[in-house]
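Reviewing the structure listed below.
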Amino acid sequence: MAPVIEVTRDELIARRDGILSRLGLTLDEYLRRAADSELSGDEWDVRDDLDSIAFLLNEQHFVD
Amino acid sequence: MTHGALSAAKEFAAELTATIQAVLPHSPEFQAMLVAPPHLLISVFDVEQNVGRLPLYIRGKHVADWKLTMSVNFDSSGDYLKVMRSGFTLLARADKLPLVRYEFDDNMRTAPIAHWQFHAERGAFSHLLGFALAAGKPVKPHSLSSLHFPVGGARMRPGVDDLLEFLVKECAFDSVGGWKGAIHESRARYRAIQARTIARDMQAEVADVLRGEGWTVTPPADGVAEPGQKFLSRW
């Protein structure tokens with residue numbers, strides 16, 4: 001059986017804040033850059049993390 | 001989260017690990033990340049619990065990576081998993097931008113539910129899209145990756161086994177001896193599940209086919225379910 005990592009919503013939000021802070025962007029700015037197909041390499045690098053966090057938080061604004 | 005759901009999540013992650021480790025060398029273990037109310041992410045995670053990369057080799061040299069994520073919810077009973085989203089990304093080690101991505105999103109409303117996106121350049125294609133932009137259409141000529149190439153909708157989309165075979169046969173990454181057997185096993189399992197789901201969506205059609213094959217099929221007393229409009233109509 002595979003191990004399970006249990007996380008809280010607060011931990012996920014803090015992780016997302018940390019990722020965005022390193023990029024120097026707000027979530028809205030990131031999503032806008034993604035929607036306009038303007039993500040840089042560093043921004044692409046965290047795309048799956050931001051997308052997964054949004055899913056785990058039951059949010060609808062995923063990155064396309 | 002019920003005990004059944006937790007077990008199903010662990011089994012799903014373990015099954016993914018077994019299949020992938022039987023195909024690609026030095027592949028790490030998949031884990032399930034869980035947050036309440038039960039939303040589940042199955043992937044490989046690094047030490048900071050970010051989505052991790054799986055290595056890809058050519059003649060033993062680590063030349064590329066890939067990522068795989070499965071975002072899972074549970075059905076109303078709480079016991080059965082339903083994959084809501086999945087993502088596959090292929091990356092060269094020399095560059096942070098993806099090479100290609102495959103994605104499935106059951107809640108997709110605009111783009112195709114299952115699609116490939118190619119992070120590539122093609123001048124003639126951008127030129128073509130430029131005409132559409134000039135005509136006021138919502139296209140992005142500078143980015144071919146903004147195009148979503150549809151691949152069969154929710155029920156007929158590629159499975160993990162197809163993605164693995166793409167990596168081994170089309171991209172020529174190193175594989176583990178006996179990889180074909182693992183892929184065939186995984187594909188048979190996945191397609192049997194999809195066939196059962198399609199049968200539920202298309203009961204009258206399935207009954208007709210079975211009658212044609214000599215089966216005796218009796219419809220339920222409370223009537224045959226309407227065809228699944230989601231299956232029939234969404235791209």
Task: Relative contact order for chain B, counting Cα pairs under 8 Å that sit 6 or more residues apart, in percent - done: 15 percent
Open item on the list: Using the Karplus curve 6.51 cos²θ - 1.76 cosθ + 1.60 with θ = phi - 60°, what ³J(HN,Hα) values do you get for each residue of the stretch B:123-133, in whole Hz, with x for Gly and Pro?
Closed with: x, 5, 5, 4, 4, 4, 5, x, 4, 5, 4
TODO: Round to the nearest 0.05 the FRET efficiency obtained for B:Arg93 and B:Ala192 when R0 = 30 Å and r is the Cβ-Cβ distance.
DONE: 0.25
Task: For B:Val100, residues with placed amide H under 5 Å, excluding near neighbours - done: B:Leu90, B:His119
Task: DSSP bridge orientation in the protein assembly as shown - percent antiparallel, rounded to nearest 5 - done: 95 percent
Task: Where a label projected 7 Å from the Cα of A:Asn58 along Cα→Cβ would reach, residues of the stretch A:1-38 with amide N under 17 Å - done: A:7-13
- [ ] Ignore the peptide's own chain and count Cβ atoms of other chains within 10 Å of each Cβ in A:33-42; give me the average, rounded.
- [x] 3
TODO: Provide the FRET efficiency to the nearest 0.05 for the A:Glu11-B:Thr218 pair, computing r from the beta carbons and using R0 = 51 Å.
DONE: 0.45
Open item on the list: On a full-extension model of 0.36 nm per residue, what is the gain between B:Leu232 and B:Arg59, subtracting their alpha-carbon distance, rounded to one decimal in nm?
Closed with: 57.8 nm
- [ ] Between B:Ala18 and B:Ala207, take the C-beta separation as r, use R0 = 41 Å, and let me know the FRET efficiency to the nearest 0.05.
- [x] 0.70
TODO: About the Cα centre of chain A, how large is the charge dipole given +1 on each Lys and Arg Cβ and -1 on each Asp and Glu Cβ? Please answer in debye to the nearest 20.
DONE: 100 debye
Open item on the list: Can you tell me which of B:Ala64, B:Ala207, B:Ala192 moves the most in a GNM of chain B? Springs connect C-alpha atoms under 10 Å apart.
Closed with: B:Ala207
Open item on the list: Can you compute the label reach from B:Ala225? Point 7 Å from Cα along the Cβ direction, backbone N cut-off under 17 Å, restricted to the stretch B:191-208.
Closed with: B:192-208
Task: the stretch B:89-156 - Debye-derived log10 I(q)/I(0), Cα point model, q = 0.15, 0.23, 0.26, 0.27 Å⁻¹ - done: -0.58, -1.02, -1.09, -1.11
Open item on the list: Using Cβ counts within 10 Å as a stand-in for footprinting exposure, how do B:Tyr190, A:Tyr30 rank, fewest first?
Closed with: B:Tyr190, A:Tyr30
Task: Kirkwood Rh, angstrom, the protein assembly as shown [1 / mean 1/r, Cα pairs] - done: 21.0 Å
Open item on the list: Using +1 at the C-beta of Lys and Arg and -1 at the C-beta of Asp and Glu, which of B:Leu99, A:Leu27, B:Ala135 has the Cα lying farthest in the positive direction of the dipole of the protein assembly as shown?
Closed with: B:Ala135
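Every read-out reported here was derived from the displayed coordinates using simple, explicitly stated rules and does not represent laboratory data. Since we're looking at a predicted model, the values are computed, not measured. Cβ coordinates were reconstructed from backbone atoms using ideal geometry, including for glycine residues, and neighbour counts include every protein chain displayed.
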